[in-house]
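The values are calculated or read from the model by the stated rules, or taken from the named source; none is laboratory data. Computed from a prediction, not measured in an experiment: that's the story for all the values here. In this analysis, Cβ positions are derived from the backbone assuming ideal geometry, glycine residues included, and neighbour counts consider all displayed protein chains.
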Amino acid sequence: MGSQGGFGQSKEFLDLVKSIGEARSKSEEDRIILREIETLKRRIVEPDIPKRKMKEYIIRLVYVEMLGHDASFGYIQAVKMTHDDTLLLKRTGYLAVTLFLNEDHDLIILIVNTIQKDLKSDNYVVVCAALGAVCRLINEETIPAVLPQVVELLGHQKEAVRKKAVMALHRFYQKSPSTVSHLISNFRKKLCDSDPGVMGATLCPLFDLITVDVKSYKDLVVSFVSILKQVAERRLPKSYDYHQMPAPFIQIKLLKILGLLGNGDKHASEQMYTVLGDLMRKCDTSTNIGNAILYECICCISSIYPNPKLLEAAAEVISKFLKVGLFFEVVVLCNLYLFCYKIVMLLNVQSDNHNLKYMGIDALGRLIKLSPDVAEQHQLAVIDCLEDPDDTLKRKTFELLQKMTKSSNVEVIVDRMIDYMISINDFHYKTEIASRCVELAEQFAPSNHWFILTMNKVFEHAGDLVNIKVAHNLMRLIAEGFGEDDDTADSQLRSSAVESYLRIVTEPKLPSAFLQVICWVLGEYGTADRKYSASYITGKLCDIAEAYSSDETVKAYAITSLMKIYAVEIAARRRLDILPECQSLIEELAASHSTDLQQRAYELQAVVGLDAHAVESIMPSDASCEDIEINALLPFLDSYVQQSLQNGAQPYIPEDERSGAIGISNLSNQGLSESSTHGLKFEAYEMPKPPVPSRPPHPVSHVSSELVPVPEPSYSRETQFSPPNLPVSSSSAELKLRLDGVQKKWGKPSYSSTQSSSSGYSSSAANGASQLESAAPSTSQPRESYKDLKKVEVEISSEKQKLAASLFGGSMKSEKRTSTSHRASKGSNHSTEKSSVLKSSAASIDETKIPQLLPDLLDLGELAPPSTVAASVDPFMQLEGLLDQKEIISSGSSAVIDSSNKVPDIVSLYSELHVGGQSSQTTLSPLSSNGSDSINLKRTVSGGSAQATKGPNLKEALEKDALVRQMGVNPTTRNPNLFKDLLG
Amino acid sequence: MIHFVLLVSRQGKVRLTKWYSPYSQKERTKVIRELTGLILTRGPKLCNFVEWRGYRVVYKRYASLYFCMCIDQDDNELEVLEIIHHYVETLDRYFGSVCELDLIFNFHKAYYILDELLLAGELQEPSKKIVARLIAGQDSLVEAAKEEANSISNIIAQATK
């Protein structure tokens, strides 16, 4: 149809397209386009350009822009073209502006007027074009200009216009909910529109509305359920069928909405059970779209309130698909298990299809929240996915693993994640997976030693990508140790950390955050166990400072660490021996441009010159573990304040009661984010919004949390296992500034700064003990199960089963405490189970394929297996000959074979058939219009027979070829693919 | 929501782009470069979804042309895969066994069809037949308008002779 009249453009343009098509490199393409831009720039400003010419220029501009070049010089011409009265030009103009302009472009203001006018046009094509532009171009400011007209169009007689008006309103709602808040009832009304297309379009805004506010739409549950039911019962016109499924896109939208409405609402959910069961039963797993619906059903079911009523329906689904008694026992279990078997089918039955595996893993991830045991049944399938070469699948599986992580399997999972993290280059995902590793390690770490090693790995490979707070937490953990009254364990931990860092530090190109940790740990604990001499450690520190001389933070850490080591040496009254390279480093830093580095260097020089006693008091050993008590209320000032007030001073006015003044708290964390709200405003005032739950206003009590020196970690953390670095206001290892001296005045009276420097850990243990006692039992327990886990791994032979056991079995261990032998036998059970599942499912494919022969063959998405094709050849053979003779397809009629169709359908056939079909009425009787199109037929014909007479297609291709050649364009030379049917 | 639609050939040549979320021209070029690098290198048996910058990109190859759509994390990937197929079928119906060449020379028509199918990043019309009817209706109106304009200009030309 479209190409019948040729391509309708001038030779010049065709040549352009052709030369682009034949360009061998991007640079050649760019050259051609730049030349084209020059030409267009010149031509477009010429006076009196014929309109058709102008239209072509605009299309050429679109082409230029599409290829990634700037065509902004012609935007104004496109805008002008929308003003034109001719439909053809107007439509081109609208097409161009929607492609060129964004909603914040300056030229929008010039279009608004035209849009207003066109929305009132009595030609629906004009209105449609204008509505398309409205969706794309109208911004928050201009919404009021077109809003009344768009609302009016909701009642337009043409359904296409109504549909677009609904979408436009939806867009307005997305941009600025307040402007259309009074019109929301319109969406409800449009849900009952006589046209299914309009109804379908209305589901989009309703979905958004319900996401925000579930409660006020609970009354619609009944309507949605009944719509879904009607759709599933094929009450909609046939033209909405897609691959034999009744209006699947509408079904999916409805399922999404139902999932929202039923979430945590037993009453609402109960209304959905029947229809969901029906859907699951009817769904055809042989087509892609059937699986899409199935997946959406599972999403919906995992979201709504689970109920045994669904059990029966789901059991039917299972029995229909599996047709074996293998899972009979399951029926009496929880209904959740049933859905997971459904997923197993997704995972196993069509295991060659990665898309379904992917969806299956995703669905599993949804169910695992409801029932953590679900994953165990599919352990092998999950592991297969994990080891799949497909990155996407692997990532999805990691997502699933993250959801099922426990303290018993965290080691295996995090190790896997880190291995994968090292192997990829994609920064975006590397950051994500690194932060996931950190999160998991912090939540579930079985031992602090493991935690440190894991963190080292993460830092080594993705140090620049993780949050710096993670580094601070790591330092704090090393400083505060296990949290037990066990000094030896702590010092072992530290010396192992020191050793690992001394080993790592020699590697090239370490990330900055990691170097900071290394410097700090070496400075604090490098010489603590007397294994390494001070000069060795200081030498290493100097190396770091020199090797990363461009990183000032690292240098600052290094020099402070130097200072600490020298201070310890002096305090221990050993002879201080400053290496020449250290000396030169200190001198170099003393002359640094950075005042921070300078100050540190001078301080170091000053400290080195002091005597032992003085050094002990300004740099007490292991001071990082001392608690700095900060009472945010500053009670020691109370008397002073009282006195001042009595003397007639003004009382303090809290910041939020003052107006306009910039308070001190602006300097604190919270103030930073808020400071933007103070001062001048350059933007217009925001429209008043309905109250959204936002951060609470800061009352006086808020102040105390502001002053806590430890910033809260931004990632979520479980409290059940609290590593010693839990941010308690009393522990403040992180703010290791020069507050040491302050403590003497403000701190606890029991504090004594002059402890013996050699056994400095006792102070940390004493201080840490009280706050860490609670954490102690929980840390010991996972380690126990970790040992059990090791045992399990030894017993199971196959590598995959081992992995399975460590991923899934470990959880059994820690929770159910079954014996290991039972575990092992269970593991082997799974493997046999799986193979039988495969067999039985393979059998069920064959069984289900045969009755569903027709729909399966008509499906385009998947190639039917050869066996079924062979069986199906016969009904089509005659038809194939028919097609060759009469070329029904080329006439464009939408004919499709469906022998199962009933008689009444033939009636519609006659109305549908074009001229070509009339001569062959008798042979055509099995043909009926079915909403599917001609390509279906072509596909089946070519697929069903070996000789594959692609008659009509070939002919058309030849025609096109001839046409192109006539015009002097000959792109076939380079790229014969261009002529290939996309669906062929 | 669909953030953008992208058609690229196997050689990485852009055949059609449609952006439903705001991207500057620079970002667009970058996005296209990144995605073609990501998608064109994928093997044939892998799944049709790619994770990219926190979004999902669903793609499908038809002959030598890749159809890509970028969606949110929580969208139904299989559905989007079918939307792509839906679009291709609609194109096929319009052009009559569509091939890449049709889209190269008639990309504006491919845009019109896409505009009938998707609006503001959502599927607006799930029925192929209706899309085809709308497009045909527009075409015939346009044709009529063209003829009218021609006849008017003919009249003018004759009158001024």
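Here are the numbers:
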| quantity | calculated |
| --- | --- |
| Candidate set: region A:381-406, residues that are β-branched (Val, Ile, Thr) and more than 14 Å from every other protein chain (Cβ to nearest Cβ); chosen: the one nearest to A:CYS437 (Cα to Cα) | A:THR405 |
| Condition met for A:VAL231 (assigned to a helix (DSSP H, G or I) and closer than 29 Å to B:ILE84 by Cα) | yes |
| Selected residue (criterion: surrounded by the most Cβ atoms within 10 Å (Cβ to Cβ)) from residues of region B:20-43 that are assigned to a loop (DSSP other than H, G, I, E, B) and more than 7 Å from every other protein chain (Cβ to nearest Cβ) | B:TYR20 |
| Hey, A:VAL127 part of a helix (DSSP H, G or I), touching a residue at least 24 places away in the same chain (Cβ under 8 Å) and away from chain B (no Cβ under 12 Å) or not | no |
| Selection status of A:ALA489, of a type in the set (Gly, Ala, Ser) and buried (at least 17 other Cβ atoms within 10 Å of the Cβ) | no |
| Single match in A:LYS175, A:LYS90, A:LYS163, A:LYS120 (criterion: closer than 16 Å to B:GLN124 by Cα and of a type in the set (Lys, Arg)) | A:LYS163 |
| Test: B:ALA120 is touching a residue at least 40 places away in the same chain (Cβ under 8 Å), within 10 Å of chain A (Cβ to nearest Cβ), within 19 Å of the chain's Cα centre (by Cα) and at positive phi | yes |
| Residue within region A:136-148 that is among the acidic types (Asp, Glu), part of a loop (DSSP other than H, G, I, E, B) and within 14 Å of chain B (Cβ to nearest Cβ) present | yes |
| Given (1) surrounded by fewer than 21 Cβ atoms within 10 Å (Cβ to Cβ); (2) without any contact (Cβ under 8 Å) to a residue 24 or more places away in the chain, number of the condition A:GLU439 does not satisfy | (2) |
| Sole exception among (1) surrounded by fewer than 23 Cβ atoms within 10 Å (Cβ to Cβ); (2) closer than 28 Å to A:ASP611 by Cα; (3) in contact with a helix residue (DSSP H, G or I) (Cβ under 7 Å, 6 or more places away or on another chain) for A:ASP551, by number | (2) |
| Residue match in region B:44-57 (condition: more than 10 Å from chain A (Cβ to nearest Cβ), surrounded by fewer than 15 Cβ atoms within 10 Å (Cβ to Cβ) and part of a loop (DSSP other than H, G, I, E, B)) | yes |
| Members of region A:261-285 found to be surrounded by fewer than 22 Cβ atoms within 10 Å (Cβ to Cβ) and out of contact with any Leu (no Cβ under 7 Å at 6 or more places or on another chain), listed by number | A:ASN263, A:GLY264, A:ASP265, A:LYS266, A:HIS267, A:GLU270, A:GLN271, A:THR274, A:ASP278, A:ARG281, A:LYS282, A:ASP284 |
| Selection from region A:98-117 of residues that are assigned to a helix (DSSP H, G or I) and within 14 Å of chain B (Cβ to nearest Cβ) | A:THR98, A:LEU99, A:PHE100, A:ILE108 |
| Members of region B:58-90 that are at the interface with chain A (Cβ under 7 Å from one of its Cβ atoms), within 16 Å of the chain's Cα centre (by Cα) and not aromatic (Phe, Trp, Tyr) | B:ALA63, B:SER64, B:LEU65, B:LEU81, B:GLU82, B:HIS85, B:HIS86, B:VAL88, B:GLU89 |
| Output for region B:1-19, where each listed residue is within 26 Å of A:HIS170 (Cα to Cα) and either at the interface with chain A (Cβ under 10 Å from one of its Cβ atoms) or of a type in the set (S, T, N, Q) (or both) | B:MET1, B:LEU16, B:THR17, B:LYS18, B:TRP19 |
| Identity of the residue in region A:124-183, under 35 Å from the mean Cα position of the chain (by Cα) and of a type in the set (Ser, Thr, Tyr), that ends up surrounded by the most Cβ atoms within 10 Å (Cβ to Cβ) | A:TYR173 |
| Complete set of residues in region A:284-305 that are away from every other protein chain (no Cβ under 12 Å) and at pLDDT 75 or above | A:SER286, A:ILE301, A:SER302, A:ILE304, A:TYR305 |
| Unmet criterion (only one of (1) buried (at least 22 other Cβ atoms within 10 Å of the Cβ); (2) within 9 Å of another protein chain (Cβ to nearest Cβ); (3) part of a helix (DSSP H, G or I)) for B:ALA110 | (2) |
| Checking A:ARG188 against (1) modelled with pLDDT under 85; (2) part of a helix (DSSP H, G or I), the condition it does not meet | (1) |
| Selection status of A:PHE172, without any contact (Cβ under 8 Å) to a residue 24 or more places away in the chain, within 14 Å of chain B (Cβ to nearest Cβ) and of a type outside the set (Val, Ile, Thr) | no |
| Of the criteria (1) loosely packed, with under 15 Cβ neighbours inside 10 Å; (2) within 23 Å of A:HIS182 (Cβ to Cβ), which one A:GLU103 fails | (1) |
| Cβ pairs under 9 Å, 6+ apart, first in region B:137-161 and within 13 Å of chain A (Cβ to nearest Cβ), second among the small types (Gly, Ala, Ser) and part of a helix (DSSP H, G or I) | B:GLY137/A:ALA160; B:GLN138/A:ALA129 |
| B:TYR20 farther than 27 Å from A:ASP70 by Cβ and within 18 Å of the chain's Cα centre (by Cα) | no |
| From B:LEU114, B:LEU81, residue being in contact with a Lys or Arg (Cβ under 8 Å, 6 or more places away or on another chain) and under 26 Å from A:VAL64 (Cβ atoms) | B:LEU114 |
| Residues located in region A:230-254, provided they are closer than 23 Å to A:THR211 by Cβ and more than 9 Å from chain B (Cβ to nearest Cβ) | A:VAL231, A:GLN251, A:LEU254 |
| Output for region B:61-76, where each listed residue is of a type outside the set (A, V, I, L, M), surrounded by 21 or more Cβ atoms within 10 Å (Cβ to Cβ) and more than 14 Å from B:GLU122 (Cα to Cα) | B:TYR62, B:TYR66, B:PHE67, B:CYS68 |
| Meets criteria (more than 8 Å from every other protein chain (Cβ to nearest Cβ), of a type outside the set (Asp, Glu) and over 37 Å from the mean Cα position of the chain (by Cα)) for A:VAL45 | yes |
| Matching residues, region A:184-226, being within 14 Å of another protein chain (Cβ to nearest Cβ), surrounded by 16 or more Cβ atoms within 10 Å (Cβ to Cβ) and β-branched (Val, Ile, Thr) | A:VAL198, A:THR202 |
